[in-house]
Each structure stands twice: as structure tokens, then as C-alpha cells.
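Asks: Got a structure for you, written out below as C-alpha cells; questions coming shortly.
What follows is calculated from the coordinates using simple rules that are stated; it is not laboratory data. What you see is a predicted model, and the numbers here were worked out from it, not measured in a lab. A quick note on method: Cβ atoms are made from the backbone with ideal geometry, for glycine too, and the neighbour counts reach across all protein chains shown.
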Ligand code: ADP
Ligand code: MG
């Protein structure tokens, strides 16, 4: 067995179960082993059924004093058993239960107890011998993400079997590295994550997994050539004065930081080697115009330039704003928009293949096979954190060593950025346009609602627009929180005469575009939306961002959402509704209230999470590492970088480390990482 073995080779997983696992993205042994718990709970102390005084999860001590009854039903066999003290249990597909529960013996049943009159019931409890249970009592129990057809118990059982398949042959990390950094071997690490012996075990196990995530990512980037020695610049560019000329015709002056970033890019474009540059700038710092100027500079020489954005709405908006800038600059150059829902693609493909000097804007559609470019000399990826490394590479591969620029609003300190974006140069736009007034923030509870509505009305009456964000698309039984449909209805009721529409990610792209376009054109006053509008949208006339259930969002998301306002010269406002009724979350929101600076917020976020945050196991989300958190685990990131550096210095082709080389080539996919 190895990481590539299909999961059906694990004991207890048949074709049917394998199909269910596919929905979780689990196909191979290596996948399930790295299907990490989303949380842990503790195995509770085992109690007598008489001590169960409320519904909930318990470990109940029982003695079997009647026979187990098997009942055939349409879907299979149900096993039922009664225990002393009025406990009834059932197990679906329970054929095996009579072989497990023996008359007169004691067991511990673990699961949810519900009340039905005087009776207590458990459905599908896990059965332990008292001895086995005493060994896990008080320990963390993994809680996995689930999908229909699989329970946490089944997954846990499958995981035990999966771990049993792991032996020393699974280790790919050189022993000297494990020793040097004091890391667990892979088997101990995986068992420690899924079935920790105690919290210390979990912590050390996590360290190894975090180290691996950074190490493998860094190594694969360095090996893949993304960061290999620089490629020669084969493109001839216009005089630099052309860029000056363009700048002079802009309706505003570039900020000093924009100017420096543009200079960096122009240096690259005229340099000996191609550009491979990250432009990092907080929301609203004006990255788009820098990108556009670079594109115009390149297309002036007759080359093509492409800008890739993560959503259709954003791509469309970029195309629009580029067209309007071109008008102001008195430049006649065609802007091609290419997204999934673009009509008449064939003709566009033809055009892109034939015509030099085009400005091409689009979504992932830009990297589909059908698109062939004509002297593509510059590729730019906007909101790069929404793309996988592979997609970025794919765009660059569309040209012959084109200049490569990625733009990001994710604030990370430079020391970490140079490691994460190994081999890339970095320009930071750390300045907002001078005409911006700082956004005014407030954190409020539901009692403020009438005042908030009056405030919205007032802003609309003054010709401005507003966003209202809700966490949910529609009312749901599983999670509470405001949803866009009900919120829009509520606002409509309370604000007569105001034009209100809503938007969410499950709508058809054409409908989304339509609403966004109308909002941008000022035909809609209030846009109620889920976080789909978080990415990059620019409507400078919008002055209010009102966020319902702000306590449910991460600080980074909230900061991005807030960045949708304060993009013009009017005073803007952000209203965070804390609807939790709990004071604790206010502290987080307080950070946002006090600062509009993305870097500072990221730093505070880190401090607040502290090391104690649920055993430190959480998904970082932002970068797509499964377990590693770039901020929280920054010291591990630097260690991994050091380890990779030393390894490649002595063994650049990994010839002395064939196992690691194979693992990187066969089992590792950097495409999942989305920096
Ligand atoms: P982001 O960095 O978040 O992508 P954008 O590029 O969308 O920001 O710019 C936000 C808004 O600021 C746009 O309306 C843009 O035209 C405007 N803008 C950009 N640079 C300047 C500047 N130097 N002075 C005034 N407004 C600017
Ligand atoms: Mg942007």
C-alpha cells in the first residue's frame, strides 16, 4: 500500500462507500489520511443511564440483559436492544450487533441520548468494552466534515483502518530534517492528528503537518521552475517617456506608492529578464490603474497583454473601467472581454489569434485550451489569492515567457511574503489616494436597526448607494443568521421608494452581471448580497457597507468587504451588526472599528487568535493550506524555507532523496495552494 492506493483497498471501504468519499474529494489512501478533523470534542466520562439528565452526547455504561432483536425492513436490518434503566437503542444495518453485544456483559455506548417520555433512546451508538473506553476517556475525539451517507463514526472507523496501512515506507521526509527540527515521523504525525494520545501529542503532530505543508509547497515551487533562474526578456518596449505621457493624461495623480510600483514594473519590462512580480496593496489602493498602464505600455509595442480576474463580474468591471480610461487617455485600442458566458467565442478566439496589440480581460476562460494568443508579452492575475498556482502558471504558459505580474490585497509581512512567493519580486502599494476620507466605522447590536435604516435612507436620498451583506443565501434550518432574500424584503418594507435588489453566488452569471451592472450604473440604490461581492468590486458612489451577523465572518473577510466603500471622495461608513448577543465577539469587531489598515488588522487577528485557539487546529482558509496558518505558524514557515534551501544547496535534483522526489512528483499537488 502507498498513498496512491485507492481507498477501496482499506478494510471496510467498498465501492459504495468510496463513491461517498468522492464527494469529500477523497479518492486515495493519501487523501483520507490528510482528511483532517475539522474540530475535536472530548470523549466524556462514562456515566450510568440514571445520571443522564438532559439530551446530548454521552458515554453510557450499560449491561446487556435482554437479547438483541433483529428486524428486517426495506432498507436492511435494524437491531434493537433494551437496557436496564429504560434505555432503548437501535442500529441500522445492525446484522452484526448480536455478535458484538453479549448477554450479561458490560459495555459503554457512546452517542446522542434523546428523551421520549420516560424512555431514553440512542440511535447508532458506538459500542466499546469498558476497558477500551477507559483508554480513550477524556481524550480528544476527531470531528470530521461529513457528507450525506457517512457518519462521523464510520469515518472514524475507516480512518483507524487507513492509519493501520501506514508504515515506514510512507515516510518521504529526509531523516536529517526530521531530527534537526525535532519532528514526528509521518505515522506518528498522522495518528497524532486523527487520534491524539493527549494534547501534547496533538501539538507535536500538528507541527509536523504544518512543517510539511510549507516545506512541500516551497520545494515544489522551487523545483517547478516558477522560481528558477530568471528567464530572458525577449520583448522590445517603447520609450519610458510613453508611460509618463499616459500618466499625464490620467484624471488623477498617481500616489507615490503607485508610482513606485509602476516604476518597478517598467524597470522589469525594459530589463534583461522578464518580470515576475507581486503587487501587494490594500483594498482601494488603486492596483488596477497600475496594471492598466503596464498593459498599455506593452501593447504600444504591438504585443498583447492579458488580465485575469476571478469572477465574471469583476472581469466585466475591469473591461468597462479600462475602456473608460482609454477614452480619457484618447487611445484607440480594442479591449476584449472573455468569460464563461461571453457570446460568440469563436470569433473572439480568431481575433485573439490574429490581431496584435489587444488588451484582453477575462476569467479562467483566458486559460482554456481554445485560446491562442498573438505575441502575448504580459500576463496579470488580479486577486491572485483566488487562483491556484497552476492556473497562474497556465496563463503564463499561453505566451512565450511573458512578463508575469500578480496582484494581491492579502496583507502579509514582507518577511513571509518573500518565502511564500519564492522567487518573485515584490512591490507594495502602501498608500491610499489622497482624496480618500477614512471610513467611519461602528459596531452595533440589533437595537440600532431603526437608526441604521434611517441612515441608509438618508445616504440614498443624498444620491449615494449602499451594500448590505448577509451570511446566508436563504433561510436555513442548520444555521441561523440573516439571509439575502428576507433581508431585501425587510429593507423594501422599511424603505419605501428605495430601489433594492439582491445578489448571491448561486444565481446565474448573467443575472449576477445584470444586477452588478445596474448597481454600478446607479440604477439600484441598495444591493443586498452575500460575500460574493467581496472580491474587487469597485463602485465609488457606494458609501455605506452594512454587515449583518458580522460576528460570523473572519476579520480578513470583513476588511475586504469594507474595502468596497471609501473608494471615492465622499465620506463612507461601515456598520457592523453584532447579532450574537455575546460580548466576546465585540472585541474582534472592535479591531475593525479602530483601524482601516489591512496589515494592522492581520496582525491583531493573529494576536487575538493566540496559541490556545482550539488546539491550534483550524483551517487557514486564506492560502489554502490544509492546516498551516501563514500568520500563526510564521516561524515554521521560515524553518521550512531554511530546510528547503539547505537541502537544495547540497542536492539540487533531489537525486540523493528519491523518496522525497517521488512524493513531490506523484503525490503532491501545489495547485491546491492558492497563494
Ligand atoms: P484596488 O487596489 O482595491 O484594486 P482599484 O484599483 O479598484 O483598487 O481602485 C479603487 C478606486 O480608486 C478606483 O475607482 C480608481 O479609479 C481610483 N483610483 C486609483 N488610483 C487613484 C489615485 N491615484 N487617485 C484617485 N483615485 C484613484
Ligand atoms: Mg482590485
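Asks: Compute the whole-percent fraction of alpha carbon pairs in segment 97-219 spaced more than 18 Å apart.
Replies: 66
Asks: Measure out, as a whole number of angstrom, how far apart the alpha-carbon centroids of segment 391-416 and segment 489-520 sit.
Replies: So the separation of the two Cα centres works out to 33 Å.
Asks: What distance in nm separates the two pseudo spin-label positions at residue 204 and residue 38, each 7 Å out from Cα along the beta-carbon direction?
Replies: In this crude label model, residue 204 to residue 38 measures out at 3.0 nm.
Asks: Moving on. Principal axis extents for segment 92-136, Cα atoms only, whole Å, descending order, please.
Replies: In descending order, the Cα extents are 31, 25, 20 Å.
Asks: Over the Cα atoms of segment 440-501, what is the Rg over Rh ratio if Rh follows Kirkwood?
Replies: Values: Rg = 12.6 Å, Rh = 12.9 Å.
Using Cα coordinates only, the ratio equals 0.98.
Asks: Okay, moving on. What is the log10 of I(q)/I(0) for segment 287-405, computed with the Debye formula using one identical point scatterer on each Cα and no solvent, at q = 0.18 Å⁻¹?
Replies: -0.86
Asks: Compute the separation of the alpha-carbon centres of segment 41-58 and segment 256-281 and state it in Å as a whole number.
Replies: 62
Asks: Another one. Starting with the highest mean, order 644-656, 157-169, 191-203 by the number of other Cβ atoms within 10 Å, averaged over the residues of each peptide.
Replies: Ranked by mean Cβ neighbours within 10 Å, highest first: 191-203, 157-169, 644-656.
Asks: In nm, to one decimal, how far is the residue 590 label point from the residue 461 one, both placed 7 Å along Cα→Cβ?
Replies: Between residue 590 and residue 461, the simple spin-label model gives 3.5 nm.
Asks: At a 10 angstrom cut-off on C-beta neighbours, averaged per residue, how do the peptides 250-262, 205-217 rank from highest to lowest?
Replies: In descending order of packing, they fall as 205-217, 250-262.
Asks: Suppose we keep just the DSSP beta bridges with both residues in the chain; what percent of those would be antiparallel, to 5?
Replies: Counting only bridges with both partners in the chain, antiparallel ones make up about 35 percent.
Asks: Write down Rg/Rh for segment 314-367, rounded to two decimals, with Rg from the C-alpha atoms and Rh from the Kirkwood relation over Cα pairs.
Replies: Taking Rg over the Kirkwood Rh, I get 0.97.
Asks: Further, regarding this structure: As a check on your grasp of the helix formula, calculate [θ] at 222 nm for the chain: sum -39500 (n - 2.57) over DSSP H runs of n ≥ 4, divide by the residue count, round to the nearest 500. Don't jump to the answer; show the numbers that get you there.
Replies: Working: 23 runs with 247 residues, N = 675.
After summing the helix terms and dividing by the residues of the chain, the value is -11000 deg cm²/dmol.
Asks: At 25 °C and 0.890 mPa s, what whole-number value in µm²/s does Stokes-Einstein give for the translational diffusion of segment 532-603, with Rh from the Kirkwood sum over Cα pairs?
Replies: In µm²/s, the coefficient rounds to 195.
Asks: Next up: Taking each pair of distinct Cα atoms in segment 1-128 once, what is the resulting Kirkwood hydrodynamic radius in Å?
Replies: For segment 1-128, the Kirkwood estimate is 16.8 Å.
Asks: Could you rank the peptides 27-35, 143-151, 496-504 by their average count of other C-beta atoms within 10 Å per residue, with the highest value first?
Replies: The peptides rank, most packed first, as 27-35, 496-504, 143-151.
Asks: Which stretch or stretches of segment 372-403 have amide N atoms under 14 Å from the point lying 7 Å from residue 333's Cα along the Cα→Cβ direction?
Replies: Residues passing the 14 Å test: 376-380.
Asks: Assuming R0 = 35 Å, what is the FRET efficiency of residue 369 and residue 11, from their Cβ-Cβ distance, to the nearest 0.05?
Replies: 0.25
Asks: Next question, about the same structure. Given the Cα-Cα distance of residue 232 and residue 146 and 0.36 nm per residue of separation, how much length would full extension add, in nm?
Replies: On the way: separation 86, 0.36 × 86 = 30.96 nm, distance 4.91 nm.
Full-extension gain reported as 26.1 nm.
Asks: Given that compact globular proteins tend to follow 2.2 N^0.38 Å, what is the ratio of the alpha-carbon Rg of segment 12-80 to that value?
Replies: Working it through for segment 12-80, the quotient is 1.66.
Asks: Give me the three principal axis extents of the chain from the C-alpha atoms, as integers in angstrom, largest value leading.
Replies: 92, 71, 47
Asks: Separate question: How far apart, in nanometres, would the label points at residue 518 and residue 250 be if each is projected 7 angstrom from Cα along the Cα-to-Cβ direction?
Replies: 3.4
Asks: Can you give the FRET efficiency to the nearest 0.05 for residue 666 and residue 161, using r as the Cβ-Cβ distance and R₀ = 22 Å?
Replies: 0.45
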